[in-house]
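Heads up, the thing below is written out as structure tokens.
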Amino acid sequence: MNNFTQNQFYKLLTAKLSGDATEEQLMQLQQQLGLHPEWRFLYDQMMKPSAEYPKELADQAYAAHIVKMQLNGKLDADLPSLSESSFTQSANKGIYRKMIYVIAVAASIIGFLFIIKKSPEETLKHSSASNEVTTRKGSKSNIKLPDGTQVWLNADSRISYTKEFGDKTREVTLTGEAYFDVVHDSVHPFLIHTGNAVIKVLGTAFNVRNYPQDKSLETSLIRGKIEVTLIDRPDEKIILKPLEKLIIRNDRPDRDSIIRKNVIDKPVLTSVTYTMVDSLVAETSWMKDKMVFINLPLEKIAEELERKFAVTVHFNSATTRQYRYTGVFGTEELDEILEILKQSRKIKYSITNKHVIIE
Amino acid sequence: MLIKDILLLQNRIAYLRDEQAYKQLFYHFYTSLHRFAISIVHHNETAEEIVSDTMMNLWDLGTRLAQIEKLNLYLLTSVKNACLRHLSKKKLDTVQLSEHDFLAGKPDTHQTPESQLMLSEIEKRINESIKDLPPQCRMVYRLIKDESLSYKEVGGILNISQNTIETHMRIALRKIRLALLHYLSEK
């Protein structure tokens with residue numbers, strides 16, 4: 001085939017791909033293919049759609065996107081609110097299908113990580129002044145740090161940072177739960193001190209949960225990359241990839257029971273829970289005034305209710321504490337929530353002043 | 001997805017604020033928009049941000065969303081404009097040296113053996129040859145081949161003439177053909 005017809009062929013193929021080809025051009029193209037079978041291979045390849053990204057990438061992008069939409073107050077309008085019929089006891093049946101990303105459970109242990117070894121208390125002591133934001137039970141707060149980083153502080157939480165914030169590093173201390181959207185700045189590492197771990201931010205958006213009464217510290221990554229170091233094991237670092245969640249148990253056993261320590265003390269890497277029905281990422285649902293429970297024991301749900309409604313929940317029976325529920329709550333009041341829970345699995349409760357008693 | 005399916009989704013989002021429809025649209029357009037953004041800004045996270053912002057704007061359009069006839073063209077144009085705004089803001093910064101080329105179908109950092117296998121040998125050859133093309137040539141190829149945009153639309157997005165488009169496509173197709181011939185002769 002000479003050069004002229006080659007170019008002619010490319011032109012016809014381009015016209016076909018762009019959808020601009022005339023009837024006449026399409027006929028010509030078929031004719032040429034008949035005359036020159038050696039072009040067939042290229043033609044066939046071009047008619048195939050290009051490879052899509054692997055689905056996990058779109059999943060990650062979508063999860064990050066949804067969190068961003070939530071932060072910007074979108075998607076609020078007509079969320080299907082929870083009704084009794086859509087509420088199920090088990091996470092595996094019912095309308096509330098859940099979607100769990102199974103992401104490789106791999107904590108990489110590489111080399112030595114240098115951390116500025118100051119306990120939170122010391123940090124505060126050494127500086128002349130520090131800023132602190134505290135939220136009470138039942139309230140939430142949105143803070144902008146000096147570097148522009150956004151922090152959404154959940155109820156009953158505290159975050160503080162010193163005057164030196166931003167000089168060399170950006171360090172904050174957190175008790176409770178917060179979602180961070182960190183401004184990227186590779187020169188000034190962003191570090192979050194919690195009870196027994198330091199989280200170094202390599203990427204951008206994630207949720208940290210470290211309530212004193214919780215038995216574990218949880219951190220879930222939505223986008224970017226973070227690195228977690230345990231205070232008592234500074235030479236191990238755990239890198240989290242998007243949609244992974246790290247759980248570190250706070251209730252450490254006695255130091256001398258080595259066997260237990262190895263088993264119980266081991267951080268667990270798991271995946272972020274994601275409900276398909278209304279595109280909520282469970283770990284960050286609190287930001288949107290939503291409570292998402294996925295197969296959660298009642299005692300855990302009670303903790304959330306205590307935080308949100310500033311009440312105290314008392315249990316009279318150990319069995320009831322372990323009842324498990326799955327569901328999403330939005331604007332419901334406390335008594336409505338309890339009533340819905342009751343519909344799902346029978347419980348008896350009473351509310352007096354700020355006390356809830358569950359039989 | 002057919003154009004009429006996309007229009008249906010647009011209507012559901014516009015009038016019913018249907019989040020499932022929105023999710024479907026997001027997944028449908030994500031690959032091509034991200035790939036397109038990356039080829040302009042050469043930075044994975046920036047491209048992600050831009051695509052996310054563009055999709056958020058789509059939600060904000062409200063009922064006007066139902067009036068967009070060719071959504072892929074609308075989205076590509078929005079992404080392009082956002083990319084250019086980003087670059088002009090950054091124009092005093094140094095150029096990113098890291099060559100993120102996502103034509104192989106995914107960012108380097110996420111390459112796993114499994115996802116590697118998903119691409120057939122032939123696709124890999126094609127992608128490799130596209131990777132070496134000059135940027136504008138590559139973009140023309142993507143828009144014509146993957147988005148099936150017309151000459152006029154590509155010309156509008158990239159601000160180039162039909163002749164230039166044809167020249168770019170000729171270069172791209174010739175290169176791919178050579179790669180495929182090599183592949184065949186190895187077999």
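Listed by first and then second residue, the pairs with beta-carbon distance under 7 Å, at least 6 apart or on different chains, first residue in segment B:60-78 and free of Cβ contacts under 8 Å to residues at least 40 places away in the same chain, second surrounded by 11 or more Cβ atoms within 10 Å (Cβ to Cβ) and of a type outside the set (Lys, Arg), are B:Tyr74/B:Ile68; B:Ser78/B:Thr54; B:Ser78/B:Asn57.
Taking only segment B:129-157 into account, find how many residues are assigned to a helix (DSSP H, G or I), touching a helix residue (DSSP H, G or I) at 6+ places or on another chain (Cβ under 7 Å) and in contact (Cβ under 8 Å) with a residue 40 or more places away in the chain. Break it down stepwise before answering.
Taking segment B:129-157 first, the residues assigned to a helix (DSSP H, G or I) are B:129-131, B:135-145, B:151-157.
So of that shortlist, the ones also touching a helix residue (DSSP H, G or I) at 6+ places or on another chain (Cβ under 7 Å) come out as B:129-131, B:135-145, B:151, B:153-155, B:157.
Now drop any that are not in contact (Cβ under 8 Å) with a residue 40 or more places away in the chain, which leaves B:129-130, B:135, B:138-139, B:142-143, B:153, B:157.
Of the residues in segment B:129-157, 9 are assigned to a helix (DSSP H, G or I), touching a helix residue (DSSP H, G or I) at 6+ places or on another chain (Cβ under 7 Å) and in contact (Cβ under 8 Å) with a residue 40 or more places away in the chain.
Restricting to segment A:54-75, what's the tally of residues that are within 17 Å of B:Ala21 (Cβ to Cβ) and in a helix (DSSP H, G or I)?
Taking segment A:54-75 and keeping what is within 17 Å of B:Ala21 (Cβ to Cβ), we get A:58, A:62, A:65-66, A:69, A:74-75.
Then keep just the ones that are in a helix (DSSP H, G or I); that gives A:58, A:62, A:65-66, A:69.
Qualifying residue count, segment A:54-75: 5.
In segment B:128-159, of all residues being at the interface with chain A (Cβ under 9 Å from one of its Cβ atoms) and among the polar types (S, T, N, Q), the one that is nearest to B:His34 (Cα to Cα) corresponds to B:Ser148. Taken over segment B:13-40, the criterion of being among the aromatic types (Phe, Trp, Tyr) and touching a Lys or Arg at 6+ places or on another chain (Cβ under 9 Å) is satisfied by B:Tyr22, B:Tyr27, B:Phe36. Taking segment B:44-74, which residues are within 14 Å of the chain's Cα centre (by Cα) and more than 14 Å from chain A (Cβ to nearest Cβ)? Within segment B:44-74, B:Leu71, B:Tyr74 meet the criteria. When the residues of segment A:182-195 are filtered to those that are in a loop (DSSP other than H, G, I, E, B) and either modelled with pLDDT of 85 or more or of a type in the set (A, V, I, L, M, F, W, C) (or both), the one that is nearest to A:Leu305 (Cα to Cα) is A:Val182.
Residue by residue, here is whether (1) buried (at least 16 other Cβ atoms within 10 Å of the Cβ); (2) modelled with pLDDT of 80 or more; (3) within 29 Å of B:Asn44 (Cβ to Cβ) holds:
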residue	(1), (2), (3)
A:Gly148	no, yes, yes
A:Ser157	yes, yes, no
A:Thr162	yes, yes, no
A:Val172	yes, yes, yes
A:Phe180	yes, no, yes
A:Ala197	yes, no, yes
A:Val201	yes, no, yes
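Among the conditions (1) touching a strand residue (DSSP E or B) at 6+ places or on another chain (Cβ under 7 Å); (2) in contact (Cβ under 8 Å) with a residue 40 or more places away in the chain, the only one that A:Ala155 does not satisfy is (1).
Could you please find all residues in segment A:135-146 being assigned to a strand (DSSP E or B) and surrounded by fewer than 16 Cβ atoms within 10 Å (Cβ to Cβ)?
To start, the set of residues in segment A:135-146 that are assigned to a strand (DSSP E or B) comprises A:141-144.
Residues satisfying the conditions are A:Asn142, A:Lys144.
So which residues in segment A:157-181 are over 14 Å from A:Val208 (Cβ atoms) and part of a loop (DSSP other than H, G, I, E, B), if there are any at all? Residues satisfying the conditions are A:Lys163, A:Glu164, A:Phe165, A:Gly166, A:Asp167, A:Lys168, A:Thr169.
Pick from B:Leu180, B:Leu173, B:Leu184: which is farther than 30 Å from B:Glu45 by Cβ, part of a helix (DSSP H, G or I), at pLDDT below 80 and at the interface with another protein chain (Cβ under 10 Å from one of its Cβ atoms)?
Working: B:Leu180 fails: at pLDDT below 80; B:Leu173 fails: at pLDDT below 80.
Every option except B:Leu184 fails the conditions.
Filtering segment A:13-29 to residues that are more than 7 Å from chain B (Cβ to nearest Cβ) and either touching a residue at least 60 places away in the same chain (Cβ under 8 Å) or surrounded by 12 or more Cβ atoms within 10 Å (Cβ to Cβ) (or both) leaves A:Ala15, A:Lys16, A:Ala21, A:Gln25, A:Leu26, A:Met27, A:Gln28, A:Leu29.
In the condition set (1) under 12 Å from the mean Cα position of the chain (by Cα); (2) closer than 21 Å to B:Asp60 by Cα, B:Arg35 is compliant with all but (2).
For residues in segment A:33-53 being part of a loop (DSSP other than H, G, I, E, B) and in contact with a helix residue (DSSP H, G or I) (Cβ under 8 Å, 6 or more places away or on another chain), which is surrounded by the fewest Cβ atoms within 10 Å (Cβ to Cβ)? Going through the qualifying residues, I end up with A:His36.
Any idea which of B:Leu143, B:Leu87 is among the hydrophobic types (A, V, I, L, M, F, W, C), more than 16 Å from the chain's Cα centre (by Cα), surrounded by 12 or more Cβ atoms within 10 Å (Cβ to Cβ) and at pLDDT 55 or above? Can you show your working first?
Details: B:Leu143 fails: more than 16 Å from the chain's Cα centre (by Cα).
Only one candidate qualifies: B:Leu87.
The residues on offer are B:Ser78, B:Ser32, and the sole one that is surrounded by fewer than 22 Cβ atoms within 10 Å (Cβ to Cβ), within 14 Å of chain A (Cβ to nearest Cβ) and of a type in the set (S, T, N, Q) is B:Ser32. Within the span defined as segment A:57-72, every residue fails to be touching an Asp or Glu at 6+ places or on another chain (Cβ under 9 Å), more than 8 Å from every other protein chain (Cβ to nearest Cβ) and either at pLDDT 90 or above or under 23 Å from B:Ile130 (Cβ atoms) (or both). Applying the set (1) closer than 20 Å to A:Leu71 by Cβ; (2) touching a helix residue (DSSP H, G or I) at 6+ places or on another chain (Cβ under 6 Å); (3) at pLDDT below 60 to A:Pro253 leaves exactly one unmet item: (1).
Sort out which residues of segment B:1-14 are within 13 Å of chain A (Cβ to nearest Cβ), part of a helix (DSSP H, G or I) and within 21 Å of B:Arg142 (Cβ to Cβ), and write them in order of number.
So the first thing to find is which residues in segment B:1-14 are within 13 Å of chain A (Cβ to nearest Cβ), and the list is B:1, B:3, B:12-14.
Add one more test, that the residue is part of a helix (DSSP H, G or I), and what stays is B:3, B:12-14.
Within segment B:1-14, just B:Ile3 meets the criteria.
Please determine whether any residue of segment B:15-27 is more than 12 Å from the chain's Cα centre (by Cα), closer than 26 Å to A:Asp181 by Cβ, away from chain A (no Cβ under 12 Å) and not acidic (Asp, Glu). There is no residue in segment B:15-27 that is more than 12 Å from the chain's Cα centre (by Cα), closer than 26 Å to A:Asp181 by Cβ, away from chain A (no Cβ under 12 Å) and not acidic (Asp, Glu). Just one residue in the set B:Leu97, B:Leu103 is assigned to a loop (DSSP other than H, G, I, E, B) and modelled with pLDDT under 85; that residue is B:Leu97.
The values are calculated or read from the model by the stated rules, or taken from the named source; none is laboratory data. Quick caveat, the model's predicted, so the values are computed rather than measured. No Cβ is skipped: glycine too gets one built from the backbone with ideal geometry, and neighbour counts run over all protein chains shown.
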